[in-house]
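Down below is the structure, laid out as structure tokens.
The values are calculated or read from the model by the stated rules, or taken from the named source; none is laboratory data. Remember, predicted model here, so these are calculated numbers, not experimental data. When we count neighbours, we look across all protein chains shown, and the Cβ atoms used for this are built from the backbone with ideal geometry, even at glycine.
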Amino acid sequence: MTHDRTPLALTHVTVIDVTGGPSQPDQTVLVVDGTIAAVGPEPHVVIPPGARIHDLSGRHVLPGLTDMHVHSESAGDDERHFPAVYIANGVTTVREMWGKPYLHEWRRRTSAGEMLGPRSFIAGPIVDGSPALWEDVPIDAPITTVTTEAEARRAVSAARDGGADFVKVYSRLEREPYFALLREAARQDMTVVGHRSDRVPLAEQIGSGQRSFEHVHGLWPATSDDVERLEAAMARISPQPGFYYADWFRRINEVEWESVGRYSPASAAALFERMVAEDVAYCPTLTMHAAVDLPEWMRLDDERLAYMTPDTPAIWSFVRDQIFHGGGRSADEAAKRRMLFDHRRAAVAAMDEAGVRLLAGTDAVTPGLFPGFALHDELEFMVGAGLTPMRALQTATLEPARFLGCERTSGTVEPGKAADLVILSADPLADIRNTRRIHAVVAAGRYVGPDERRRLLETAADIAAATPEEESAR
């Protein structure tokens, strides 16, 4: 595959203005050499001879979608698997939150036009304290454990030397290494994103240099009417061996349950105001929380399992029963988990109302989530939480572009921007579920029409089905 240099004209299409302006009907979007060259009514856009013209009457076009929290894997490292599934779902950019060597190769080949896949921004290995939460889980992914300031500084250098775009911190970092890492990252001009540290009060972390926080795990102590005591309870969490992550989930849930029972609108408002003032972004990953909090969300009869490897149902069942639900939950605990999910959605609405920069992310391939498809679930959760469809779309288009420093080249449909586009058969502003009604996708100027989208998904399913278990396990 090479970059298609043939000009592309999308005619009679309604352009959705994700800055919040009115949609513009009957427009022509001209793409030349992978870039949007012109947008306007047909008489005002000159279509060059030889251009490929697609009449999109009745369709809507918006910027390509961005999933700001993914963990891409692929059957046998085959680029025609998940990268293609992302494109078929209109996801043209991803933020990879756990760096692995093949991700850099995929990025190189995508940039060179040698493969079809999303643009990617890639983390280094996750940086955690000791014991790291993933330490006793059988996975094939790099983890950097740091317990000293010197180790924290080395972790930043290693991420940079490995070609990472940013450093991802995890939940168990102690205070001294955490702040040493932030200082070193600032010195090396490296962005830091990731989990909040259990060991440091959230209010201290905001404004300290971490640019985005992921998930709604540890938000609650800082929004309670007893912040100091509940943050101290958070810091005392000490997961036990035998699946540290499973024990951590159970222990953090206990702190969450108590904290939401003491929710303080005043504390929450102060925290969110600080986030806005410090320009800190929040990526809530409600889809991940649905998979963790709601057992029925992880459906083992979902037709989308066709795009996953054959061992996926067994892996998901194990994770659900042994990690997410820690070997079994009482009826009372299960009810509390549902309550927590409702509070997580309410927190997202409150952050949005306060003006916090929200980023749409999924945490795919967390068990229960389907890469590409999950972002549409996330947008629906956002709207279900109280965001308008426009605001939800912004969390997956304009806001990621701003956060990633790409606002001049992506995030809207206008001249000079990269030609990453999603063409829908119905208006997502009328119903956010219409983001699933994809007619075509434009990825770096390449038009992926209905027939090619279908072939991409069929090929991905074939690759997944043919993958031996020893190759799909990571």
Residue that is modelled with the lowest pLDDT, among those in segment 251-291 that are assigned to a helix (DSSP H, G or I) and touching a His at 6+ places or on another chain (Cβ under 8 Å): I252
Selected residue (criterion: nearest to the chain's Cα centre (by Cα)) from residues of segment 222-242 that are closer than 13 Å to L133 by Cβ and either crowded, with 19+ Cβ neighbours inside 10 Å or of a type in the set (S, T, Y) (or both): P239
Any hit, segment 373-391, residues being closer than 26 Å to Y102 by Cβ, in a loop (DSSP other than H, G, I, E, B), at pLDDT 95 or above and touching a helix residue (DSSP H, G or I) at 6+ places or on another chain (Cβ under 8 Å): no
Matching residues in segment 229-250 - criterion: being touching a residue at least 24 places away in the same chain (Cβ under 8 Å) and either part of a helix (DSSP H, G or I) or in contact with a strand residue (DSSP E or B) (Cβ under 7 Å, 6 or more places away or on another chain) (or both): L230, E231, A233, M234, A235, Y244, Y245, A246, D247, W248, F249, R250
Test: residue in segment 60-68 that is part of a loop (DSSP other than H, G, I, E, B) and touching a strand residue (DSSP E or B) at 6+ places or on another chain (Cβ under 9 Å): yes
Filtered residues of segment 75-109 (kept if part of a helix (DSSP H, G or I) and touching a residue at least 40 places away in the same chain (Cβ under 8 Å)): A75, G76, F82, A84, V85, Y86, I87, A88, H104
Of all residues making up segment 133-185, the number that are part of a loop (DSSP other than H, G, I, E, B) and not acidic (D, E): 17
Residue list for segment 333-361, filter: aliphatic (A, V, I, L, M) and under 18 Å from A392 (Cα atoms): A346, A347, V348, A349, A350, M351, A354, V356, L358, L359, A360
Residue within segment 292-304 that is in a helix (DSSP H, G or I), aliphatic (A, V, I, L, M) and loosely packed, with under 15 Cβ neighbours inside 10 Å present: no
Pick from segment 141-168, criterion in contact (Cβ under 8 Å) with a residue 12 or more places away in the chain and of a type in the set (D, E), ranking: farthest from F121 (Cα to Cα): E149
Only listed residue being at pLDDT 95 or above, buried (at least 17 other Cβ atoms within 10 Å of the Cβ) and assigned to a loop (DSSP other than H, G, I, E, B), chosen from P367, P400, P415, P428: P428
Test: P239 is in contact with a helix residue (DSSP H, G or I) (Cβ under 9 Å, 6 or more places away or on another chain) and over 26 Å from T395 (Cβ atoms): yes
Segment 303-351: number of residues that are touching a strand residue (DSSP E or B) at 6+ places or on another chain (Cβ under 9 Å) and under 27 Å from V85 (Cβ atoms): 1
Failed condition for A465, given (1) touching a Pro at 6+ places or on another chain (Cβ under 8 Å); (2) exposed (fewer than 15 other Cβ atoms within 10 Å of the Cβ); (3) at positive phi; (4) small (G, A, S): (3)
